[in-house]
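Where a number appears in this text, it was derived from the coordinates with a stated rule and is not lab data. Just so we're clear, the structure is a prediction, and the values are computed from it rather than from any experiment. Counting neighbours? That spans all protein chains shown, and the Cβs are built from the backbone with ideal geometry, glycine included.
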Amino acid sequence: MKVLLTGLALLPLSAAVAAEPGVNALDYSGPAWSPYVVGAGIGVLSWLTFYLSDKPIGASSFYAHLAGFIGKRIAPRRTKSLTYFKDKPPRVGWGFVFVVATIVGGAIAALTGGEFTNEWLPPMWEARFGDGIALRASIGFVGGLLMALGARLAGGCTSGHGISGTLQLNPGSWIAVICLFIGGIGVAMPLYLR
Amino acid sequence: MNASPKTRPPPAGRPVSSVAAPPQLITGVLFGLAFGFLLQKGGVGKFNVLLGQLLLQDFTVAKVMVTAIVVGMVGVFTLHHFGKVNLHLKPTRIGANLTGGLLFGAGFALLGYCPGTVAVALGQGSWDALFGMVGLVAGSWIFAELSGWSKRTIEKWGDLGKVQLSDLLPVPRGTLVGIIAVLLIVGLFVLERAFPR
């Protein structure tokens, strides 16, 4: 916990030390394909997942299942007693293998497109916060942790609410995705722009 | 509520297995491969593209999402109209959607990837994705620890249950889908003019 808090406290300091007075995301490499082609592809993929698998696309529950599996190993009784895992027992289901395959799909696209990065620090992060791996690790961990809390509370993430929920005109999904961007912009702006 | 043309009653007397049936797993893998491939090609596995959206410098993420919503919405509602698919609505809980969304956004800004794109980032060789994934698992556990409490409190604030926008507005669903599709497409044109990337 101490390490994490120190990391958070170090963020503005590292940014102050780094050379650039604010970063521009457009200085770095962009997408390989048109966002409209990719967006339409994901839209069509949604038709198929609804039609053939009776499932909406989603990602965040994968991590909850993984947490449940690890919990069952380490503290089985505790895991079984928790409300969330009672409602949703950890399971290797459609959504679980979907996310595992997403990793592989990303790898295939990057390797065939000459975009495999093999790096521990994104260049834009480095330009802003320097090349300390511990800082990136602690902030990344905290970021993931907050995202999981938020996604479980809201009931989904950028995929489950942001695409699958919004396309079904689910009011809760629209609220969640708008708040997601408000929260994200509100934190990113002071961190990266001065 | 909506009729569920494809819903079958669960098989009685058999405990739910912790591993799904093979056909469901095979389609999950195939669709996941396609999803990861498309996201990587769309550049949304890249830290700077995702962060660029939150800094309002790079609008790739918005373009991908809005296009996916328009195409997905028209297709899924058409299929639903003809009874070919079920809808999968998550409950609208205003308090939880709001606070969860804000928390999620803050975490997204710190990590620079979201739960789906972090998987793409890992596949693409952006190894810092691993830190985020460990955090996601840890956060999921912490939520589970808090789930009894959140169910009694936050999740009750403004709980409307499983509703569609057309349940709340005095407009037929088909009309609403048409109006929103047009609005989103106009939005895309404006976005493209203002922000070529």
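Convex hull over the alpha-carbon atoms of segment B:18-126: what's its volume per residue in Å³? Mind dumping the intermediate values first?
Numbers: hull volume 17.3 nm³, N = 109.
About 159 Å³ per residue, rounded to a whole number.
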Work out from phi, with θ = phi - 60° and the Karplus expression 6.51 cos²θ - 1.76 cosθ + 1.60, the ³J(HN,Hα) of each residue of segment A:66-75, listed in order in whole Hz, and give x for Gly and Pro. 4, 4, x, 5, 5, x, 5, 6, 7, 9
What is the fewest-to-most order of B:His81, A:His65 by other Cβ atoms lying within 10 Å of their Cβ? B:His81, A:His65
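Return the ratio Rg/(2.2 N^0.38 Å) for the protein assembly as shown, where Rg is computed over Cα atoms only.
Values: Rg = 20.1 Å, N = 391, 2.2 N^0.38 = 21.3 Å.
Scaled against compact globular proteins, the figure is 0.94.
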Which percent of Cα-Cα pairs in segment B:84-139 sits in each 10 Å bin, short to long? 21, 38, 28, 13, 0
So for segment B:73-180, what are the equivalent ellipsoid semi-axes in whole Å, largest first, each being the square root of 5 times an eigenvalue of the Cα gyration tensor? 32, 22, 12
GNM top mover of A:Asn24, A:Asn118, A:Asn170 - chain A, alpha-carbon springs below 10 Å: A:Asn118
√(5λ) per eigenvalue of the Cα gyration tensor, segment A:94-181, largest first, Å: 28, 20, 12
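Taking the radius of gyration and the Kirkwood hydrodynamic radius from Cα positions alone, what is the Rg/Rh ratio for segment B:55-118, to two decimal places?
Numbers: Rg = 15.4 Å, Rh = 14.5 Å.
That ratio is 1.06, to two decimals.
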Tell me which lysines have Cα within less than 23 Å of B:Lys90's Cα, excluding those fewer than 8 residues away on the same chain? A:Lys55, A:Lys86, A:Lys88, B:Lys6, B:Lys151, B:Lys156, B:Lys162
Across 10 Å bins from 0, what is the distribution of all Cα-Cα pair distances for segment B:23-79, in whole percents? 21, 37, 32, 9, 0
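Ratio to report: Rg/Rh of segment A:71-131, with Cα atoms as the point set and Rh obtained by the Kirkwood method; give two decimals. Working shown, then result.
Numbers: Rg = 18.6 Å, Rh = 15.3 Å.
Rg/Rh: 1.22.
If each DSSP helix of 4+ residues adds -39,500 (n - 2.57) and the sum is divided by the residues in the protein assembly as shown, what number results at 222 nm, nearest 500 deg cm²/dmol?
-21000 deg cm²/dmol
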Long-range Cα-Cα pairs in chain A (distance over 20 Å), rounded percent: 68 percent
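Fewest Cβ neighbours within 10 Å first, please rank B:Thr92, A:Thr112, A:Thr158 accordingly.
On the way: B:Thr92 26, A:Thr112 12, A:Thr158 29.
Arranged by neighbour count, lowest to highest, B:Thr92, A:Thr112, A:Thr158 become A:Thr112, B:Thr92, A:Thr158.
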Debye calculation, C-alpha points only, no solvent: report log10 I(q)/I(0) for chain B at q = 0.11, 0.14, 0.18 Å⁻¹, in the same order as the q values. -0.74, -1.26, -1.60
